[in-house]
Every structure is written in C-alpha cells, then in structure tokens.
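Everything below concerns the one structure shown next.
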Amino acid sequence: IGAHYDHLGLGGHNSLAPDKSEPHLGADDNASGTATLLEIARALNADKAELTRDVIITAFSGEEDGVLGSAALVKSKPEWLEGAVAMLNLDMVGRLRSNELSVLGAKSAAEWEPLVAHACAAARVSCNVGGDGYGPSDQTSFYAAGLPVLHFFTGAHSDYHKPSDAAAKLN
C-alpha cells in the first residue's frame with residue numbers, strides 16, 4: 001500500500017499557478033494519501049494477528065516529477081516484491097464529493113470488481129470502478145512490473161497544484 005508524500009514546494013514548473021511563488025501546500029495532493037496510508041498502517045498493526053500475509057506500507061517521493069520514487073523501488077527489485085500480489089495506491093483521497101470515490105485499475109485483475117463493489121457497499125460509498133493500471137500516479141510503476149493495482153482517488157478540483165490546496169478544504 002503506497003502514497004506519495006512529495007509536492008511542489010514553492011510551485012515551479014508543475015504549478016498551475018505559475019505566477020505564485022508561495023507554498024503549494026498539497027493538502028489533497030498528497031497529504032491526504034499520506035495521512036490515509038499512516039492510518040491504514042495503524043489499523044493493520046492493531047489487527048496484525050488476523051493478517052494472513054505481510055502488508056508493506058511505503059511512501060514515495062518524486063511522483064510529481066514522473067513517479068521517480070516508485071519506479072526506483074520497483075527497479076531495485078526488493079525481495080518482498082517477488083511475493084507481492086497487488087499494489088494499492090492512495091493519491092488525492094481527501095475531498096470526497098457526492099459520496100463518490102474513483103477506484104482506478106479495477107481491470108488489472110479479475111477479482112477487483114467484485115471485491116471493490118463489496119467494500120464500497122460496506123462503506124456506503126458510491127464507487128466509480130474501472131480502467132487498467134496505467135495513470136499519472138505511483139501504481140503505474142507496479143502495474144508495469146506485472147502487479148494488479150488499484151488507485152483510490154476522490155477527484156480533480158480547481159485547487160490542484162495551486163497554493164489553495166489547503167487542509168481546511170479536506171473532508
């Protein structure tokens with residue numbers, strides 16, 4: 001399970017507010033994914049006796065410049081990657097609107113669609129499910145290496161890559 005923790009700093013070439021040289025806070029992109037990753041790690045640790053397989057929690061940098069961190073990790077082929085069965089990616093999960101969550105990569109494994117449908121129903125969240133594993137986030141590195149993936153995403157918004165992506169706007 002992974003998320004990227006880097007963002008744009010004071011803006012620069014990836015900013016959608018190029019006239020502003022001020023902190024681009026990245027509350028949704030991707031402090032929301034990093035915070036969710038940490039909460040998942042806490043919950044899994046609390047229930048670790050019930051787990052039937054290891055779960056690796058990883059945070060990446062370099063996503064904003066082209067998934068550099070996740071690509072480097074996959075390329076280094078750590079031993080645990082040999083036994084991995086899937087990768088779940090959390091990127092921009094902090095602004096749920098109309099109770100709708102996008103779950104991308106669902107076509108990367110036959111098992112995903114029924115599993116995701118069940119999980120979404122249990123969480124009482126409407127999920128838009130579909131797509132292969134390619135996309136502009138860290139799951140792409142793992143999908144290219146042959147792993148099934150899911151990318152959780154609450155949707156684009158007008159604060160994307162701007163200083164206005166602030167914590168007060170998260171829900």
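Counting only residues that are polar (S, T, N, Q), over 18 Å from Ser141 (Cα atoms) and assigned to a strand (DSSP E or B), segment 86-112 holds 1 of them. Looking only at segment 144-169, residues that are open to solvent by 40 Å² or more (accessible area, probe 1.4 Å) and either of a type in the set (D, E, K, R) or in contact with a Ser or Thr (Cβ under 6 Å, 6 or more places away or on another chain) (or both) come to 3 in all.
Looking only at residues of segment 43-78 that are open to solvent by 70 Å² or more (accessible area, probe 1.4 Å) and within 17 Å of Tyr143 (Cα to Cα), we find that the one that is modelled with the lowest pLDDT is Lys77. Of the residues Ser98, Ser108, Ser126, the single one that is more than 22 Å from Thr34 (Cβ to Cβ), in contact with an Asp or Glu (Cβ under 7 Å, 6 or more places away or on another chain) and surrounded by fewer than 20 Cβ atoms within 10 Å (Cβ to Cβ) is Ser126.
In segment 73-85, the qualifying residues are those that are outside any helix (DSSP H, G or I) and touching a residue at least 40 places away in the same chain (Cβ under 8 Å), and the one that is nearest to Ile57 (Cα to Cα) is Ala84.
Only a single item in (1) buried (at least 19 other Cβ atoms within 10 Å of the Cβ); (2) of a type outside the set (Gly, Ala, Ser); (3) within 18 Å of Gln139 (Cα to Cα); (4) in contact with an Asp or Glu (Cβ under 7 Å, 6 or more places away or on another chain) is not met by Leu37, and it is number (4). Report whether or not Ala168 is more than 27 Å from Lys75 (Cβ to Cβ), of a type in the set (Gly, Ala, Ser) and out of contact with any strand residue (DSSP E or B) (no Cβ under 7 Å at 6 or more places or on another chain). Yes; evaluated as a whole, the condition is true for this residue.
Within segment 140-164, being in contact with a Gly (Cβ under 6 Å, 6 or more places away or on another chain) and outside any strand (DSSP E or B) holds for one residue alone: Tyr143.
Taking the condition of being part of a loop (DSSP other than H, G, I, E, B) and not acidic (Asp, Glu), how many residues in segment 4-36 meet it?
Final tally of qualifying residues: 19.
The values are calculated or read from the model by the stated rules, or taken from the named source; none is laboratory data. The model shown is predicted, which means the values in this text are computed figures rather than measured ones. All Cβ positions, even for glycine, are placed from backbone atoms using ideal geometry, and neighbour counts span all protein chains on display. Heavy atoms of the whole protein, side chains included, go into the accessibility calculation; ligands, DNA and RNA do not. Shrake-Rupley method; radii C 1.70, N 1.55, O 1.52, S 1.80 Å.
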